[in-house]
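Data first, discussion second: the structure below is written as C-alpha cells.
The values are calculated or read from the model by the stated rules, or taken from the named source; none is laboratory data. All figures in this text were calculated on a predicted structure; none of them were measured in a lab. Here the Cβ positions follow ideal geometry from the backbone for every residue, glycine too, while neighbour counts run over all protein chains shown.
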C-alpha cells in the first residue's frame, strides 16, 4: 500500500485507466446488446475480439503499412495519411468482428434458438464456440501459440500534459476512436428504425413479433453491431498494447462482461459507464497497491461485488428497451 | 439445422460426429434401461448397484480393450476422471438442483487444495486425516461467505460475481507470499497407507490407491446427495429452481436453502480440491485457471443438470474425451469445442435429462403416487423470451 505513490501517479494512472476503460466499454456494448435482446451471455464475444485483433494485424501487414508510412526510416508521427490509415484499419477490424459475430450466431446459437433450448445450453454452446475459435487460432494461426507482435507503424509521441501526466498520441487515438464508435452506436440504437426494432425486441420479443418486427433479423443485426464494436475495440487495444495471442480475448472478455454488469447489463449507457469505471478502478487499484496487475483485477471484482450489493441491477439499471439509448 | 453444423468442419470431423452420436445413443439406451431398472425389486437393484460399484473399483485392474487411452490409464482415472466426477456432483448441487449459475466453482476447488497445502505443508504439519475435514469446512465457509452477500442477486449477476470470486482466489494466491505466491506450495502430505493400499509406494501403487480413494469419495458423496435430494432440503431446492417466488410464497426459506446449496456444493468442490492437492503434492495458482470452472460447468450441462447419474457421465465425457482425442495432439481442444457445440445442438437437455417428478406420498388413496409436473425447464428457459421480466 503506497498511498503517496498513488497520489503522485494519480493522473498518469487515470489516463491509462481511461484508455483501458474505453476498450472495455466498447467490448461491453457487445455483451450488453446481445444480453438485452436474448437474455444470453454471449461468451464468444471475447473470441470475436481476438479474431479482430489478428485480423487487423494481418491487414496492416498485407497493406505493408509500416513501409508506406515510414518517413526516412522513422515511423511518422502525425498527418492525414496516418489518420486515414488508422480509420481504414479500424473499419476492417470492426468488419472482421461483425462478420465473425454473425457467423457465431448462425452456427452456435440459431440452431438452439430454433429448438427453444434452455438458457444454460446456450452458455455451453457459446463456451464451445469460444474454445473452438481460440484453439483454432492457437493451432493454425499466424504465430500459433506464441505472441504476435505488431510492427510499429506510427511513432508514439507525447503530445501534451494534463496535471503533469503525459498524454501520448496513441492515448488520444484510442479514446477518440472509442468515443466516435460509442456515439455512433448510441445514435443507431436510439434514432434509427433498426435501433427501434432492437429496443422493441429487448422489451418484449413476442409483442415485437406481432407488431411486424422480424425478430431473427434484429437478433442477427444485434450480433453484427456487437461484433463491430468488439472488432473496433480490438484494433484500438492493439494501438495501446501491440501484442496479440490466441487467448487474448479471454481476460478482456471477462473484464468487459464485468463492466457490462457493473453498469447494468442490457443498458447501453450502463455499459459505457461501467467500462470506463472498471478501467479506472483497475488502473487506480494497481497503482494504489503496488504495480501488481493482479491487484487491479481483484480491485475491479471487489468493486463489482460491492456495487451489486447496494444496487443489485447495476449502476444504471438494466433496460435496453426502456432507456432512451 | 443440423446440416449446416455438420458441414462446416473439415471431413475429419465426421469421425468426431460419429463418436458424439455414439454417446447419445448410449444415453438413449440408458433411458430405457432406467425404466427397466426402476421396475426391479429392491434387493435386485441393490445387487446391481453393488456389482457396478465393484466393477468401477476394479476398472484399472481389468485391462479392458479400447477404453484405455494412454499407457498409464490408472493415472488418468485417478488424477483426472474421477476427481472430475466428484466436482461435477458438487457443482450439480448448485447448478442442477438449486438452479444457481456458478461460473467460479474452481474457486472452491482452489480453497480446498490450498487449505490442505497450508495445513499439511506450508504453515503446519497437521495429519492428513484431520486436515481433510478442516479443509472441507473451510471451503464450506468460503461458500457461505460468498453466498451471504451475493445470493440475493438474480441469475446472471450471480454468475458474474461467482466468476469474479474464482478469479480473486487465484489472484490472491498468486500475489500472497503466505500462500506461496507464484511458485506455489510443494510437499503436500499424502494419505496414510491402509494395508495393501499404498499411497507412498511406486507410482503405479500410488495411482491405484488414489483411484480407490477417489472412487470411495464419489460413492459416499453420491449416496449422501441421493438422500439429500429426496429430503426436505432437496425438495426445497427443486421448488427454488422451478419458481423462486412461488417457493418463497409457499413458505420455503429460499435464501437459507440457497445458502445451503452453496455451502454443500463448496464443500464437495473443496473435497475434490484436497484430493487433487494430495495426489499431485504440488500446487500453484496456474492449476486453478478460470477455464477449469468452465469445463466443470460443461460437464454438468453436458450430462443433464439435476440428474446425478447424468452429470457423472458428463464429467467422464469432459475429462475423457480430450484424452481420447489425444491423437489429434494439440488441436484436441479445438475439436472438443466443436463437439460441445454439436452435442448442444443435438441434445440440448444433456445426455441424461432430469425427470421432473413431484413426489407425493400416497397417504390418501385418491392421491396418485407420482405426478408428472413437466418435462420442460421453465426456470432455465431463455431461448424464448419468456423470461424477459424475470
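Figures for the structure shown
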| read-out | value |
| --- | --- |
| Qualifying residue in the range A:170-190 (condition: under 26 Å from residue A:107 (Cβ atoms), surrounded by 17 or more Cβ atoms within 10 Å (Cβ to Cβ) and modelled with pLDDT under 85) | no |
| Check on residue B:112, within 14 Å of chain A (Cβ to nearest Cβ), closer than 13 Å to residue B:272 by Cα and in contact with a helix residue (DSSP H, G or I) (Cβ under 9 Å, 6 or more places away or on another chain) | no |
| Among the residues listed as B:118, B:134, the single one being buried (at least 20 other Cβ atoms within 10 Å of the Cβ), away from chain A (no Cβ under 14 Å) and either farther than 30 Å from residue A:303 by Cβ or touching a strand residue (DSSP E or B) at 6+ places or on another chain (Cβ under 9 Å) (or both) | B:118 |
| Selected residue (only one of A:44, A:53, A:25 is modelled with pLDDT of 90 or more, buried (at least 24 other Cβ atoms within 10 Å of the Cβ) and under 30 Å from residue A:121 (Cβ atoms)) | A:25 |
| Test: residue in the range A:241-249 that is within 11 Å of chain B (Cβ to nearest Cβ) and modelled with pLDDT under 80 | yes |
| Any hit, the range B:72-81, residues being touching a residue at least 40 places away in the same chain (Cβ under 8 Å), in a loop (DSSP other than H, G, I, E, B) and either surrounded by fewer than 24 Cβ atoms within 10 Å (Cβ to Cβ) or within 17 Å of the chain's Cα centre (by Cα) (or both) | yes |
| Index of the failed condition, residue A:204 passing every other in (1) under 30 Å from residue A:82 (Cβ atoms); (2) in contact (Cβ under 8 Å) with a residue 24 or more places away in the chain; (3) surrounded by fewer than 21 Cβ atoms within 10 Å (Cβ to Cβ) | (1) |
| Lone qualifier among A:99, A:124 - being farther than 21 Å from residue A:232 by Cβ and either surrounded by fewer than 24 Cβ atoms within 10 Å (Cβ to Cβ) or without any contact (Cβ under 8 Å) to a residue 40 or more places away in the chain (or both) | A:124 |
| Residue among A:94, A:136 that alone is at the interface with chain B (Cβ under 7 Å from one of its Cβ atoms), part of a helix (DSSP H, G or I) and under 21 Å from residue A:237 (Cβ atoms) | A:136 |
| Residue satisfying condition, being more than 12 Å from residue A:33 (Cα to Cα) and out of contact with any strand residue (DSSP E or B) (no Cβ under 8 Å at 6 or more places or on another chain), within set A:186, A:225, A:194 | A:194 |
| Selection from the range A:106-122 of residues that are more than 7 Å from chain B (Cβ to nearest Cβ) and under 13 Å from residue A:39 (Cβ atoms) | A:109 |
| Hey, residue B:200 under 20 Å from residue B:60 (Cβ atoms) and either touching a strand residue (DSSP E or B) at 6+ places or on another chain (Cβ under 8 Å) or surrounded by fewer than 16 Cβ atoms within 10 Å (Cβ to Cβ) (or both) or not | yes |
